[in-house]
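Accompanying notes for the structure given below.
Please treat every number below as a calculation from the coordinates, not as lab data. Bear in mind that the values here come from a model prediction, so they are computed numbers and not experimental data. Please note: Cβ atoms are built from the backbone with ideal geometry, for glycine as well, and neighbour counts cover all protein chains shown.
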Amino acid sequence: MTIVPSVQSSDEAAEYFTEERCHILELANSPDNPDLSVARARVEPGVTTKRHRVVGTIERYVLLEGTGRVFIDGLEAKSVGPGDVVVIPAGVSQSISNTGDRDLVFLCICNPRFEWGNYESLE
């Protein structure tokens, strides 16, 4: 596969609310680049996302704004904030809670790219 140089702009109006209880803005997620996807996630204050797993996909959360607590199978619950990177192996259940008084915002970097068909709610 050949990747060509490009600049992709995001449209804030394209953000959508998911059944997982968070807002998602897809920044890069295309079958043309199946190895990686990037999305911005936004969790409102007091909200915990549904416990879930993504089969066959490694997730990395790069925390940008706010404070939260992440719950990952095999790891003690941990407080997170700006600059933290959370690594979630493929198929491992997890959720994140916004413990602050403003939106919790983070990038979701998935390898290979995120596809809803691989998402499994555990609630």
Study note, to complete from the structure: When restricted to 18, 49, the only residue closer than 14 Å to residue 116 by Cβ and of a type in the set (Ser, Thr, Tyr) is 18
Review point. Restricting attention to the range 1-54, which residues are of a type in the set (Gly, Ala, Ser), without any contact (Cβ under 8 Å) to a residue 60 or more places away in the chain and surrounded by 10 or more Cβ atoms within 10 Å (Cβ to Cβ)?
Key: 10, 14, 28, 46
Study note, to complete from the structure: Checked against (1) part of a loop (DSSP other than H, G, I, E, B); (2) in contact with a His (Cβ under 6 Å, 6 or more places away or on another chain); (3) not polar (S, T, N, Q), residue 19 satisfies every condition except (2)
